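Okay, structure first, notes after.
Just so it is clear, none of the values below were taken in a lab; they were calculated from the coordinates. These numbers come from a predicted model, not from an experiment. All Cβ positions, even for glycine, are placed from backbone atoms using ideal geometry, and neighbour counts span all protein chains on display.
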C-alpha cells in the first residue's frame, strides 16, 4: 500500500506542480474507499481556490476518426507555438485500459507524453459513467491547480459520456471524417448540436477535396440551427494531424469563443451552471442508487417493470407502488 | 362538487365513447387529490387493455408558426379524407389557459371542435411539467380507449415540454417558418434532431418560394445527421393551412413511418421503452421531490448551493453533506 499523505501535503504538492503528487491526488479522487474519499474531499477543498484558470476543451469523435493522432498534433502545436501547459484526461467508462496498459494511446501520443509541459491521464478502468464523470471533473480542477492552462477531455463519440463531458468543459469539439455516410452512423443523435466546433480530420492528400466539401456542407447545416445563449456560431474547419495543417484556425476558434463568451458573461455563468448541474446530478445519482438497491424494490422490480413495459400497468401507478414499499 | 362515478362507470363510459365520461375521466387523472388519484389508478387499470391502438403524433413549433391553424386544417383533412377520429391534447405547463378560457384556441380550431369525430382538450392550467406530462400521457390512453385512432399532442417549441412529448408519441412533427432567421432562435437546441418530419408552414402566395427553398435546405441538413435506430430518414415538406395544400404528403410521411417501424419492430419497442421511461421518470421525480422538500435540506440548500456555484465547495462533497442530513 502506497504511503498516504496529509491533505496539506497533497495540496501543496499539486500547487507546486509536482507531477507525482498530482497523479497520486487523482488516484485518490478515483478511489471508492470511504477513507480515500474523505481525504479527497479535504484535498479538493484546499485546491479549489486555485483551480478554474484553464480553458477546458471536450474532444469527441467515433473510433477511426484519428482522435489520439489529432490530440498529439494539436497538443504539440499548443505547447510549441503558444507555450501552453496541457493536460489530457479521458472519460470512457467502457474502457478496458488500466493504469498499466495504456500502451496503445501512449504510442500514438508519444511525443506529447514525453513533453514535460504535457500531462496525460487515461480513464480509470472498471468504473461507471457516474464514477468516471466525478473523478474526471475533480481531476480537471487538480490539473488546473497544478498549473495546466489547457485541459483536453477526450471521449468516444458513441455513448452517453459526451453529455457528461459537455457538462464539464467550456468548449466542445467534434471530430468528423469526410464522406462519412457510414462513419456518421456511429455518432449519437444530439452530439452535433452540442458542438462549438467541428473539425474534419485527415484532410490531406486525396482526402483534402472531400474534406473541404464536407466542411462547406456541415457549415451550411450548422447555420440552420439556432444560436445558443452563448451567441456563438459553431465553426467547421479541416485539419490534418499528419501534415500538421488546420491547427491554428482551430485554436483561433477556441480563443474567439473564449473572448466572445467571457465578454458576454456566458463563460462564467456556464461554469456556475455546471457546478450546480453536478450538485444536482450527484444528488440524483445517490437517491436512485439507494432506491434501486433497496431489497423490497429489487425483489419486485422485474415483475412490475415487465407489467409496465407490456402496458398492463400504468407507469405512474407502478412508481407509486414501488416508492411506497421503499419508504414504508 | 360533481358526482363521482365508480371506476367501472368511468371505464365503461370511456370505452363506449361517451365524451362526457371521457372528459370527466381526464379531469380525474389531472386531479392532485389523493382520493381522485386512487380512483384514477383504478380507471386506468381497466382501460389499459383497450388502449394503444392509435398513431400518436407530437406537434411542436414556436408561437407564430401557425400551429392551431395547421392542426385545424390537418385534423379536418384526416377526418374528411381518411375517416379518422382525432383527439387533440395540449402539453404546455406555462399555459395560462383554464377550462373556461380556451376561446383563443377554440376560435382557431372551431370547425374541428364542432366535428363529432374530433375531441379537443386544452392543457390543464397551473400544473408543473411533470404533472402535465403525467396527465397528458394518461389522457392519450383514455382517448385511445374511447376509440380515437389519431392523437395529436401539441406543445410550444420553446421549453422543455418537447422532450416530454417526444417520449409519449410515435411520430414527432416540427413546424417551421421559411426564412426563419429570427424565428428559429426560439427553438431549443436538440429539437431539430428529435423531428421525424419538418413541415414548413404558410407555404402559399409570396411565401411559397422561400418555403420550398427552406425545404431543400433543411432536407439537405437533416441528411447529414445519422439515422436513429428507427432507420427512418426525416422528411421535410411544405404546407399551407390556408390553401389546404401539402397535407396529404405529410400524412403519407406519418403512414410511411408507421409502416417502416411496425415492420422493423421499432414501433412496438419504442412504446415499451417509453413505458419504462415513464416508470423511471416518475420514480426519479418522487425521490427528488421528497429530498428537496426535506426540512433539513431546505434549511441548508441556499447556503450550500451558493458555495458550490461559486466554486468554493465541490459539488460531490456538497451532495454527500446534504444527503447525509436528509437520511440521518
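As a proxy for reagent exposure, ranking A:201, A:128, A:163 by other Cβ atoms within 10 Å from fewest up yields A:128, A:163, A:201.
Its residue count N fixes a reference of 2.2 N^0.38 Å for chain B, and the Cα radius of gyration divided by that reference is 1.09. Looking only at B:81, B:285, B:306, which one moves most when chain B is put into a Gaussian network model with springs between Cα atoms under 10 Å? Most flexible of the set in this elastic network: B:306.
When the alpha carbon coordinates of region B:167-286 are projected onto the principal axes, the ranges are 50, 33, 29 Å, largest first.
Classify region A:266-328 as rounded, prolate or oblate, taking a ≥ b ≥ c as the square roots of the eigenvalues of its Cα gyration tensor: rounded when a/c is under 1.5, otherwise prolate if a/b is larger than b/c and oblate if not. Prolate, because a/c is 1.5 or more and a/b exceeds b/c.
Pick from B:193, B:289, B:72 the residue whose mean-square fluctuation is largest in a GNM of chain B, springs joining Cα atoms under 10 Å. Of the options given, B:289 has the highest mean-square fluctuation. Here the mean projected area of the convex hull built on the C-alpha positions of region B:8-91 is 6.9 nm². The mean of 1/r over all pairs of different alpha-carbon atoms in the protein assembly as shown, once inverted, gives a Kirkwood hydrodynamic radius of 27.1 Å. The spacing between region B:208-248 and region B:7-58, judged by their C-alpha centroids, is 36 Å. Summed over qualifying helices (DSSP H, 4 residues or more, each -39500 (n - 2.57)) and divided by its residue number, chain A shows a 222 nm mean residue ellipticity of -17000 deg cm²/dmol.
The mean number of partner chain beta-carbon atoms within 10 angstrom of a residue's beta-carbon across peptide B:49-55 is 1.
In region B:1-65, Cα pairs under 8 Å separated by at least six residues give a relative contact order of 32 percent. The distance between label points at residue B:216 and residue B:160 comes to 4.1 nm (points 7 Å beyond Cα on the Cα→Cβ vector). Of all the options A:69, A:111, A:237, the one that moves most in a Gaussian network model of chain A with Cα springs shorter than 10 angstrom is A:111.
If you average over every viewing direction, what projected area does the convex hull of the Cα atoms of region B:1-54 give, in nm²? For region B:1-54, the mean projected area of the Cα convex hull comes to 3.7 nm².
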